[in-house]
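Novice: There's a structure below that I have some questions on.
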Amino acid sequence: MNDWQAAVETESEAHRAWARVRSNLRESAGARLFEQWLKPMELIEDRDADTIRLGLPSAFMTNWVRNHYADRLMLEFRTLLPNVRGVSIETRIAAPAAVKLVAEAPAAPAPVAPAPAPVVQHALPLVAAKPAGERPSLDARFTFDRFVVDAANRVAFNAARALAEPGVPRFSPLFLHSGTGQGKTHLMHAIGHAFLAQHPDATVICMSAERFMFDFVAAMRARDTHSFKQRLRGADLLLIDDLQFIAGKDATQEEFFHTVNEIMSAGKRLVISADRCPQALDGVEARIVSRMSVGLVADIKAPDLTLRRAILDRKLSDLPEAKVPAEVLDLLAARIHANIRELEGALNRVVAYAQLTGDSIDMDFAVATLGDVLRGAQRRVTIDEIQKLVSQHFELKPLDLVSARRSRAVARPRQIAMYLAKRLTTRSLPEIGRKFGGRDHSTVIHAVRKIEELRDQDRDIDAAVRTLMRELEA
């Protein structure tokens, strides 16, 4: 059987499997959810038998299906097609202009010779080829202007911007490391976007280390490693995500080492990411670690409460139809701090459930929708803890915060403590007021607004609030 026949057979198997998967989803999800979220999903034809590609008509729907059905889809396809290694859920926007031209075409057009079949760049996703001026399939959301910058990620952000600048790169490779879901992939795609904006004809390759391994093994089996080497080493910008996945893979590390050497020797740009710093990569050869350490190593720390809140504001700007109260965003930012991906997923879930049920979003709805997500993520902070820590920080007695004293030395820390109680607990405004000497809810509202205003104007106040938040979340 030749390659073309194998591709056709695989394609047929994928279509048959997709029909079964759709039927199963319709039964398990229910008619309403299936019609709104899953029915619009289409199988994207691809000769890559390792990955099933599914397309949706909007980025919002894509995010929702990824967050809620990615694992289920993978399980369904693996049950029917054991060789499938991944399911890609993508945004696929139709081209209305092309449809219009077909609809308005004359009834008897002159015969046209069929266009040649497109060449599929098998096993090298996200490639921009020079001759045709193609663009890589970089995620359109992941650009520098959409990356929320804070002290936790500023070094990595500035390093990524510098590497994407035109001219001779100031350093290479750039090694980004952080825990999962903290923004490494966003910065890598942003580098690709910015570099292509300056060099439209450049060749950019962005792939995971796991994909590097699969493609290399496939090339060895096909006895065509020359083409594999030529394509990767010909890149002007090479981005490899999640380096930790090649740990212990000796043959893959050998090829990776030589690829890195070629890229660096040619003065080209190289970006590597992993979940830890180079020296902590167990099972990765010392010579690779040494090469990674030659350039710039930048870490991304876990986002603090302020950054998480800013990220939610940015995410919400992508959902103009969603009406989410500030107090719900505060709740999500305070409770979910494992990683940014979980935070965005929680917001997507609240918005999606509100659309499905027709309910408005408020605190009760958010708590009921997220349930165990909030309870499992939160270390319960109490108002008593907040009062004790604020008193220690400002060298006061805890009783001062609940007293009637109104001097600034006491009033300002009291306002900060009220602000923290509002941000870090689910207590109502009247409850918070009662814990501060029986004050009413309007006093708490004034305190929260005052501290928000001062944080923008007074560095000392902002620094104190940040420090207290970190200690309370620890």
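Novice: Somewhere in the stretch 404-416, is a residue over 17 Å from I451 (Cα atoms) and not acidic (D, E)?
Specialist: Yes: the stretch 404-416 contains one or more residues that are over 17 Å from I451 (Cα atoms) and not acidic (D, E).
Novice: With a cut-off of at least 2 residues that are of a type outside the set (A, V, I, L, M) and more than 21 Å from the chain's Cα centre (by Cα), name the helices (runs of 4 or more DSSP H) lying wholly within the stretch 318-395.
Specialist: Output list reads 340-357, 363-370, 372-377, 383-393.
Novice: Just to be sure I understand, how many residues within the stretch 253-279 are in a helix (DSSP H, G or I) and touching a helix residue (DSSP H, G or I) at 6+ places or on another chain (Cβ under 9 Å)?
Specialist: 13
Novice: While we're on this one: Do we find that A129 is more than 24 Å from F245 (Cβ to Cβ), modelled with pLDDT under 50, surrounded by 12 or more Cβ atoms within 10 Å (Cβ to Cβ) and not charged (D, E, K, R) in this structure?
Specialist: The answer is yes for A129.
Novice: Also, I was wondering about something else. Say we look at the stretch 139-180 and pick out the residues that are basic (K, R) and closer than 18 Å to L238 by Cα; which of these is modelled with the lowest pLDDT?
Specialist: Per the criteria, the residue is R170.
Novice: Now for a different question. If we scan the stretch 397-410, do we find a residue that is basic (K, R), open to solvent by 60 Å² or more (accessible area, probe 1.4 Å) and part of a helix (DSSP H, G or I)?
Specialist: There is at least one residue in the stretch 397-410 that is basic (K, R), open to solvent by 60 Å² or more (accessible area, probe 1.4 Å) and part of a helix (DSSP H, G or I).
Novice: Within the stretch 447-473, work out how many residues are touching a residue at least 24 places away in the same chain (Cβ under 8 Å) and either basic (K, R) or open to solvent by 50 Å² or more (accessible area, probe 1.4 Å) (or both).
Specialist: Total satisfying the criteria: 5.
Novice: Look through the stretch 188-208, keep the residues that are buried (at least 23 other Cβ atoms within 10 Å of the Cβ) and small (G, A, S), and return whichever of them is nearest to F142 (Cα to Cα).
Specialist: Restricting to residues being buried (at least 23 other Cβ atoms within 10 Å of the Cβ) and small (G, A, S), the top hit is A190.
Novice: Kindly indicate whether G283 is closer than 28 Å to A209 by Cβ, without any contact (Cβ under 8 Å) to a residue 40 or more places away in the chain and assigned to a loop (DSSP other than H, G, I, E, B).
Specialist: Against the criterion (closer than 28 Å to A209 by Cβ, without any contact (Cβ under 8 Å) to a residue 40 or more places away in the chain and assigned to a loop (DSSP other than H, G, I, E, B)), G283 qualifies.
Novice: Continuing with the same structure: Looking at (1) open to solvent by 60 Å² or more (accessible area, probe 1.4 Å); (2) in contact with a Phe, Trp or Tyr (Cβ under 9 Å, 6 or more places away or on another chain), can you tell me which one A354 breaks?
Specialist: With respect to (1) open to solvent by 60 Å² or more (accessible area, probe 1.4 Å); (2) in contact with a Phe, Trp or Tyr (Cβ under 9 Å, 6 or more places away or on another chain), A354 is out only on (1).
Novice: Looking at the stretch 249-263, is at least one residue touching a strand residue (DSSP E or B) at 6+ places or on another chain (Cβ under 6 Å) and either surrounded by 18 or more Cβ atoms within 10 Å (Cβ to Cβ) or farther than 30 Å from R314 by Cα (or both)?
Specialist: yes
Novice: Picking from F142, F171, which residue would you name as being of a type in the set (F, W, Y) and either part of a helix (DSSP H, G or I) or more than 15 Å from R269 (Cβ to Cβ) (or both)?
Specialist: The unique qualifying residue is F142.
Novice: Taking the condition of a type outside the set (G, A, S), at pLDDT below 90 and closer than 17 Å to E327 by Cβ, does R408 pass?
Specialist: For R408, the condition - of a type outside the set (G, A, S), at pLDDT below 90 and closer than 17 Å to E327 by Cβ - is not met.
The values are calculated or read from the model by the stated rules, or taken from the named source; none is laboratory data. Keep in mind that this is a model prediction, so the values were computed, not measured. Neighbour counts are summed over all protein chains in view; Cβ atoms, including those assigned to glycine, are modelled from backbone coordinates with ideal geometry. Protein only, heavy atoms only, side chains kept; ligands, DNA and RNA dropped before computing areas. Shrake-Rupley method; radii C 1.70, N 1.55, O 1.52, S 1.80 Å.
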